[in-house]
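Since every read-out is calculated from the coordinates, none of them should be taken as a lab result. Note that this is a predicted model, so its numbers are computed, not measured. Please note: Cβ atoms are built from the backbone with ideal geometry, for glycine as well, and neighbour counts cover all protein chains shown.
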Amino acid sequence: MSFQAYLDNIQAKTGKTPGDFKKMAEEKGFTKNGALKTGVKAGEIVNWLKEEFALGHGHAMAIVALLKGHKDKE
């Protein structure tokens, strides 16, 4: 599955766009000015996404990659 396919599936499941996840990550303190904050572990983000959005591990890791700077179509 391509990176974009992961993002499309996440949006279909949650109704949230990649931009929405970036904004929520900033609000939760995982990112600052669009960049992952030093010391934030992928596991912390994965746990948040699994708990709040019932995402599987692979889909949650796609959001982590997005937050690390992977390209997306917003």
Between the Cα axis of helix 3-14 and the main Cα principal axis of the chain, the angle (0 to 90°, nearest 10) is 90 degrees
Helix 18-28: inclination vs the chain longest Cα principal axis, degrees, rounded to 10, gives 30 degrees
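Can you show me the helix-derived [θ] at 222 nm for the chain, built from DSSP H runs with n ≥ 4 at -39,500 (n - 2.57) apiece and divided by the number of residues, rounded to the nearest 500. Don't jump to the answer; show the numbers that get you there.
Values: 4 runs with 47 residues, N = 74.
The helix contribution divided over the chain gives -19500 deg cm²/dmol.
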Taking the reciprocal of mean 1/r across every pair of different Cα atoms in the chain, the Kirkwood radius in Å is 12.0 Å
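Please sort 57-69, 28-40 by packing, taking for each peptide the average over its residues of neighbouring beta carbons within 10 angstrom, highest first.
Details: 57-69: 17.9, 28-40: 12.4.
Packing order, densest peptide first, comes out as 57-69, 28-40.
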Rounded to the nearest 10 degrees, the helix 42-53 long axis (Cα) sits at an angle to the longest Cα principal axis of the chain of 50 degrees
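What relative contact order, as a whole-number percentage, does the chain give when Cα pairs under 8 Å and 6 or more residues apart are counted?
On the way: 58 pairs, mean separation 28.7, N = 74.
For the chain, the relative contact order is 39 percent.
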